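Let me begin by presenting the structure, written as structure tokens, before commenting on it.
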């Protein structure tokens, strides 16, 4: 571990610290680093705490000497942080599972005696950091920062990442997708009208029927059909999101926005009036969006290229139409014509015909502006964000 402490000293000098200051910042016991120098090693748990507080310190460089000392990211000052509750030893099991080997075989590969890892995992006891160094040297595709702090991606090798996603058959890929989306298996299987019995034992090796595949693609539009059927390519399609944020909007860290089928709901008037009665076809979770009441697929090209048919828009219902219009914003509108109800998405501007009218303006210049009476508006919602799925599959 001599090289480890030499590299740690370089970092300490670079930051203008000493052992005691680094010990305090990392939440370690007083004098621990000095004692570790004398016995020649620092434990895995203590290295994990150190790296979690020193965000700019490159874990791969500290452990192996490879790469740069400081992470190639925005420079960050070190500061005391509490490491989340997690057992770092569990990553040895995760890596063994990823490699398709046992813990005993992993011990052999890193040169550890039989039981070094398995006993530590079973008893939740700490181990010397040298075994982590051996692990990183033997399996360089795994991200040391992820191993020690839980931050970042598990792997640094894109090819390995894709091979992990590929799985062996379509049912394994279905379960993998649900897991990566943080969707419970029960909820996911219910949404495609299947039971868990078709996904375990020998049944797991069978194919998936066309009805189930169709329901997956409808209910989870961001999944790549090429990946689902063959395991090739990325698991998810390339999705772009536009947020139309007002000055008064407060962003919500996490919300489950219901996605509705307005055709099944008989229009947005019925949808808005009976939103609790309408069953959403899915839910959308995107962090840091304004508060939304729901989402729908759109048709038509009057707002092209900003919006196009097949995009999803997320909306916030307007309850007091006459008093709550923000002119110049984009709205989902239902209004009466002479013979029917018209549903459209338009910019709403002031009308030259007076306060009892509004002007509907398209993004697409092939469409003319239209003045309508506010009294003819049946329902209205402010468009808050849009999603477009870009895929060659």
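Bear in mind these aren't lab numbers, they're just calculated from the coordinates by the rules spelled out. As the structure is a computational prediction, the values presented were derived from the model and not from experiment. As a convention, Cβ positions derive from the backbone with ideal geometry for all residues, glycine included, and neighbour counts pool all protein chains shown.
Annotations for the structure displayed:
- Over the C-alpha trace of region 339-382, radius of gyration and Dmax come out as 10.6, 27 angstrom.
- Compactness of region 2-156 as Cα Rg over 2.2 N^0.38 Å, two decimals: 1.01
- Once the chain from residue 20 to residue 102 is taken as fully extended at 0.36 nm per residue, the excess over their C-alpha distance is 25.5 nm.
- Among 319, 283, sorting on how many other beta-carbon atoms sit within 10 Å of each Cβ, with the fewest leading, yields 319, 283.
- Two-decimal log10 I(q)/I(0) for region 242-390, as the Debye equation yields it once each C-alpha is a single scatterer, q = 0.20 Å⁻¹: -1.40
- Three-way shape label, region 162-230, alpha-carbon gyration tensor, a/c 1.5: rounded
- When peptides 305-317, 97-109 are ranked by their average number of other Cβ atoms within 10 Å per residue, the highest-first order is 305-317, 97-109.
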